[in-house]
Each structure stands twice: as C-alpha cells, then as structure tokens.
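In what follows, a single structure is set out as structure tokens and then discussed.
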C-alpha cells in the first residue's frame, strides 16, 4: 500500500527517522500483507512540533471555516468507503459485508453527528451573573486508537479535534495501519492546513508514552485496555494534561422472563459474537431469571451453534477470525479456564471451527451454570464467548450486573417499561441498551468505573476537546 512505510507529518508523507519495522498480518491467512515503521522519539517530537505550530492559526479559524472543511471530508469519506472497508477486512479480519456496513460507515456517521453538534453548540453564553463563558480548543491532542474498531475510534477522536480547532497526532494500532493511512489521505485531500493532523505508527512504549509524556501535548485521548489506560494516565500526570479514556468492559445483559425470550436471547447471543466478540461493550454476561433459565439455555445453545464462521473476504453475516495469535491464545486459555472452573460448555469450545486449519479462527462458545465470581464472568475475554448466570430477583440481577470493575455498557430485556426504567437507573454503566436498542451516531459513548472517563461522539465528544474561559466585565 502506498505510504504505508511513511508518516504523515506537517501536511506531507515523510520518511520516518526510525528504521524499526513491524509486519502487518492478515488474520485469516496469517500471511504478511504489509510492513510499517515503528516511530521513535525524534519522530514524536517532529509530529508534535508540527501540530504545535499549526495550532497557532488553526485555533483561530471560524466555526464556518471548520464546518466547510468537515463537509468536504464527509464527501470524501462517502466516496472512499470501499477502500476503508477493504483495508479493515484485510488487516483485522472483519467480514467484508460488516466492514462496509458498519466499520467503514463510522467514518460517515460519526462525522454527520459531529457536524450537527458543531453547528448547534453554544460557543459563547452569558451567565445570570453577567459573566461570559466561551469555549476554546484545548490545544495539541495525542490520539491513540485500537485495532478492533479502527476507523470508528479514529473518527471519534480525530473529528472532534478538527471540529473544535485543535491539532492532533494520531497513533493508530500498529496492527491496523492500512485504514489509518487511508484516513490520513482523506484529511489531506479535504484541504486541511499542514500540521493540523499528523499520523505516526508506533508501539505504546515508545510513541504512545512519548506523546503522553510530551510537555507540548495538551490532551491525550486513548481507547484500549484498562491496563494500558492506567499506564498512560501515569505517564501524563507529570505534565497535568487532560486525559480521556475508553477502556475495557464486561457488560451484563439482564434477561427477565417477561421478555420475548426466543427473540431477545437469540439476538443477544449474536450481538455477543458480533465482530468476533472483539468489542469492548459486547454483552458477554447474560443474567437470566430462574423461571426462564432452562429455556434460555436451549435458545442460546441453538443460536451459538447457528453462528457461522467464515472467510472475511466473502460476503455474508458470518464472523471472521480473531485479529492475531496473542488474542487467539488468550481466548483459548479463557475457554479452558471456564471448563476448569466447572462451567457447563453449551456450545463451541477449544480449537478452530471445523474446516479451518489456518488463521486465528475460534469457535463461538457459550457457558452455562456460571457463577458471577468465576474468572470467565469477571475478566474481559474479547472473543466470541458468552457466559450465562442465573438470578432469582430483580435486586439480585442489579447486584450481579454491577459486580464488576467495569461499567461501559449494560443490556436489559423486559416486557415491562416501568421495570426497564427502574432497573436502568440502578445500573452503573455509561449506556443501557433496552430490548435491543442500538447505538446511534451523535450520542455520547463512554463508561463508568474502570471503563474510563470522558465521552466520545456528538456534542459531548466536542466538549472533551475544549477549555472553558470566563470573561469578567
């Protein structure tokens, strides 16, 4: 791919200072499909210097100027959706139909949400005491994104920076550099001034930590594991920069007997398996009311056995492979742990699905007879693995749902609207999906507890990239 071994700094594709290479592998074949350069401290310093220079003028642009640039980027994002989809399917294994319809669509949908928010946000308001409050761009932003939803997370960080007048340095996952390079070219072609957006490839210990510790970076936005988010926060502490985090999850899905059991349990299993289970907000803990538990187990088993696994290059609603060997090994270890802990293996299990002798494919797996204190109920597995837990009362369900260090999302299935509101109010999570309600572009996304802080998307996403200034007259 053109420019894969270059960085985008100060408005042009440049040869990195570093010469350390890193292979890009296709998860379906395990074959090398590209190679990138992992940046070093000098590369970080060059990108930050470019962003700092650009901030002086870009921060002073009008809202109308920034809207015009974003609208041009929107046109290009729609035109090159297929290129984004093909890149993600190859580099992280998303089936091409899903990659087009959801993964690449995020470049368009989130931009539409950001544009709507930017056009309506009050940048200047007068308080009842007569003082005036204005919103201003926070400065130079370091942005670190993961491999599981590559463009979705890039859009959620880069777009609010562009919208508010900030400048940025993006470090995408080193495992998914192809889609990031395509997106960088889109920004270039949209006509953004040199230095407003910069792209570095690199690992967390060098480029990630280099941005977090850099005195000229005013804000860090990170999506990834809770462990890495803690490390980044510590790195950023010495310079007292703003840090926003979107981290791990172990989302509960409470199934009450008064829901449409066949429909809701089947859909919940498929949602857990979606993106091969590699979503931080996946409903991976199904808490089921005792009176319908046995039937729910039967439905879940059938749904998991009906979930097909296939080649990501082919059209269809199958799931693809896990994204790399380390993740495959981790998921296999967790499945074995579930067996060792005494949970009942309903579907799936160890090893690859039948017919696959290569690639990081894993079997859609469901455990029943799980207790909430088991490791498979507490640890984020990040694969197509569902655990089913029995509860007796509404209070028990709420207690178990909240009995986790995470709080990114929760799910709730009930035919009683009053119960839905009552239970949702007690769940300690940044989002509650009720009876299959899905995420909409423009809404805030983020979590409680060890799932992070700050919100991404729409108006709330803009606010994380802004400072508040009070004018006293």
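Per-structure values
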| item | result |
| --- | --- |
| Selection within region 432-473 - part of a loop (DSSP other than H, G, I, E, B), crowded, with 17+ Cβ neighbours inside 10 Å and more than 14 Å from the chain's Cα centre (by Cα) | 442, 450, 464, 465 |
| Helices (runs of 4 or more DSSP H) contained in region 343-429 and holding at least 3 residues free of Cβ contacts under 8 Å to residues at least 12 places away in the same chain and surrounded by fewer than 15 Cβ atoms within 10 Å (Cβ to Cβ) | 417-424 |
| Residues being closer than 17 Å to residue 279 by Cβ, loosely packed, with under 15 Cβ neighbours inside 10 Å and over 22 Å from the mean Cα position of the chain (by Cα) - total across region 308-342 | 0 |
| Any chance residue 143 is under 15 Å from the mean Cα position of the chain (by Cα), assigned to a strand (DSSP E or B) and either at pLDDT 95 or above or assigned by TED's automatic domain parsing to the domain that holds residue 50 (or both) | yes |
| Residue within region 197-215 that is over 26 Å from residue 78 (Cβ atoms), buried (at least 23 other Cβ atoms within 10 Å of the Cβ) and out of contact with any strand residue (DSSP E or B) (no Cβ under 8 Å at 6 or more places or on another chain) present | yes |
| Wholly enclosed strands (runs of 3 or more DSSP E) of region 228-321 bearing at least 3 residues more than 27 Å from residue 151 (Cα to Cα) | 285-289 |
| Tally of residues being without any contact (Cβ under 8 Å) to a residue 12 or more places away in the chain and in a loop (DSSP other than H, G, I, E, B) across region 54-88 | 1 |
| Boolean, residue 287 is touching a strand residue (DSSP E or B) at 6+ places or on another chain (Cβ under 8 Å) and over 29 Å from residue 361 (Cα atoms) | no |
| Qualifying position, being under 30 Å from residue 206 (Cα atoms) and surrounded by 21 or more Cβ atoms within 10 Å (Cβ to Cβ), among 16, 23 | 16 |
| Residue in region 185-195 that is under 20 Å from the mean Cα position of the chain (by Cα), surrounded by 24 or more Cβ atoms within 10 Å (Cβ to Cβ) and assigned by TED's automatic domain parsing to the domain that holds residue 462 present | no |
| Conditions (1) surrounded by fewer than 23 Cβ atoms within 10 Å (Cβ to Cβ); (2) in contact (Cβ under 8 Å) with a residue 60 or more places away in the chain; (3) over 19 Å from residue 85 (Cα atoms): number failed by residue 168 | (1) |
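The values are calculated or read from the model by the stated rules, or taken from the named source; none is laboratory data. Here the structure is a predicted model, which is why all the values come from computation and not from measurement. Every residue, glycine as well, gets a Cβ built from its backbone with ideal geometry; the counts of neighbours run over all protein chains shown.
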